[in-house]
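Visitor: Would you mind keeping the following structure in view while I ask a few things?
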Amino acid sequence: MAGGERESGGFGVTGRVSIVGAGPGDAELMTLKALRLVQAADAIVHDALVSEEIKACFPARCQVFDVGKRAGDAASTPQAEINALLVRLARQGLHVVRLKGGDPFVFGRGGEEALHLAERRIPFEIVPGVSAMSAAAAGAGIPLTHRGLSNACTALNGFGPYLERIRWDALVGQGGTWVFYMAKRSVEAIVARLLAHGADPALGVAVVESASLPGQAVHARRLGEVARNPLPPLGAGPALVIVGPSVALLEDLNPMAGGLHADVRAVSGLSEAAR
Ligand SMILES: C[S@@+](CC[C@H](N)C(=O)[O-])C[C@H]1O[C@@H](n2cnc3c(N)ncnc32)[C@H](O)[C@@H]1O
């Protein structure tokens, strides 16, 4: 559907909602389609993870609603209110861009919002974005899959209470690369559970903070080293945790491995297994 078109949805609704992935933060990682939709929007409803650089692309004339949600943030907008806002704006005949960090369908609640719109016969589209795991993998130099080393990649919710829902035995048995979103405060718990369920202590674990953003930082260890040499405290940016055999490759693939952080040098030798 081209930007600016008006299609009539159910009950005479002339507006529509584009649920758009803004990517991991670097405005250059927005898709052309995302940028076009943003620049043509009548209203933009955005997340906390949409970067300032991307917000600078918003047209001056459009209505902007910051419904940013951070874990534990009392000021965040409840999901039901966000859903209602999207419906209200679309029923006013507006082209609404619901702009989300990363990809709307990867831990982005894009499915819930799309279902809400579908049930009310509000026309909508989903526009994919570069998910944080792709940006973190690229930024750190960790291939999520690598022939002969990792032939699967599993994305998991790493937020504390969700750790109980993971079948750790099955995960460790499957192998491959494990990417934990929303795991900033649960790194030690994840490492402990993986080790308790038989993960190889020599596997690499990397925490990638603010992937694609100016403050990007990478910290890496072997799983078995974390207890005696904890990963350093993280800053204010979003972070995800990557565990698996291909973490070892960051030493060779990260052009900044010598200067990023002393911890990266602590993985020296990790990549031997990959050769
Ligand atoms: C609610 S999820 C949204 C994920 C998003 N839909 C995606 O596809 O990337 C938020 C989590 O994504 C991860 N994340 C988002 N942006 C990130 C970034 N630039 N660097 C590292 N992790 C990021 C963090 O784990 C954060 O807690």
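Visitor: How far apart, in nanometres, would the label points at GLU28 and GLU119 be if each is projected 7 angstrom from Cα along the Cα-to-Cβ direction?
Guide: Placing both labels 7 Å along Cα→Cβ, they lie 4.3 nm apart.
Visitor: Please state the equivalent ellipsoid semi-axes for the chain: what are the square roots of 5 times the Cα gyration tensor eigenvalues, largest first, in whole Å?
Guide: 38, 19, 16
Visitor: In debye to the nearest 20, how big a dipole does the chain give about its Cα centre with +1 on each Lys and Arg Cβ and -1 on each Asp and Glu Cβ?
Guide: Values: 26 positive and 26 negative charges, 85 e Å.
I would put it at about 400 debye.
Visitor: With the dipole of the chain worked out from charges on the C-beta (+1 for Lys and Arg, -1 for Asp and Glu) around the Cα centre, which of LEU171, PRO104, GLY244 lies farthest toward the positive end?
Guide: Going by the Cα projections, it comes out as PRO104.
Visitor: As I understand it, the value is the acute angle between the Cα axis of helix 79-91 and the longest principal axis of the Cα atoms of the chain; what does it come to in degrees, rounded to 10?
Guide: 40
Visitor: For segment 33-48, what does the Karplus curve 6.51 cos²θ - 1.76 cosθ + 1.60, with θ = phi - 60°, yield as ³J(HN,Hα) per residue in whole Hz, taken in order and with x for Gly and Pro?
Guide: For segment 33-48, the Karplus-derived couplings read 5, 4, 5, 4, 5, 4, 6, 9, 5, 7, 9, 10, 10, 10, 7, 5 Hz, x marking Gly and Pro.
Visitor: Based on the alpha carbon coordinates of segment 132-274, what radius of gyration and maximum Cα-Cα distance (Dmax) apply, in Å?
Guide: Cα-based Rg and Dmax for segment 132-274 come out at 13.5, 38 Å.
Visitor: Now for a separate question. Enter the per residue convex hull volume of segment 10-127, computed from alpha-carbon coordinates, in Å³ rounded to the nearest integer.
Guide: Working: hull volume 11.0 nm³, N = 118.
Enclosed volume per residue, from the Cα hull, is 93 Å³.
Visitor: With both bridge residues required to lie in segment 11-107, what share of the DSSP beta bridges run antiparallel, to the nearest 5%?
Guide: For segment 11-107, the DSSP antiparallel bridge percentage is about 5.
Visitor: On to the next question. For the chain, what does the helix formula give at 222 nm: sum of -39500 (n - 2.57) over DSSP H segments with n ≥ 4, over the residue count, nearest 500 deg cm²/dmol?
Guide: Helices in the chain give a 222 nm mean residue ellipticity of -6500 deg cm²/dmol.
Visitor: Residue by residue through segment 18-29, what is 3J(HN,Hα) from phi via Karplus (6.51 cos²θ - 1.76 cosθ + 1.60, θ = phi - 60°)? Round to whole Hz and write x for glycine and proline.
Guide: My calculation for segment 18-29 gives 9, 8, 10, x, 8, x, x, x, 5, 4, 5, 9 Hz in order.
Visitor: Here's another thing I want to ask about it. Treating the beta-carbon of each Lys and Arg as +1 and of each Asp and Glu as -1, no other charges, what is the dipole magnitude of segment 10-127 about its Cα centre, to the nearest 20 debye?
Guide: Result for segment 10-127 is approximately 440 debye, rounded to the nearest 20.
Visitor: Report, in degrees rounded to the nearest 10, the 0 to 90 angle that the Cα long axis of helix 187-196 makes with the longest principal axis of the chain.
Guide: 50
Visitor: Put a dot 7 Å past each Cα toward the Cβ at GLU81 and ASP200; how far apart are the dots in nm?
Guide: 4.9
Computed from the coordinates by the stated procedures, all read-outs in this text should not be read as laboratory data. In this text, all values refer to a predicted model and were calculated from it rather than measured experimentally. Heads up, the Cβs are rebuilt from the backbone with ideal geometry, glycines too, and the neighbour counts pull from every protein chain shown.
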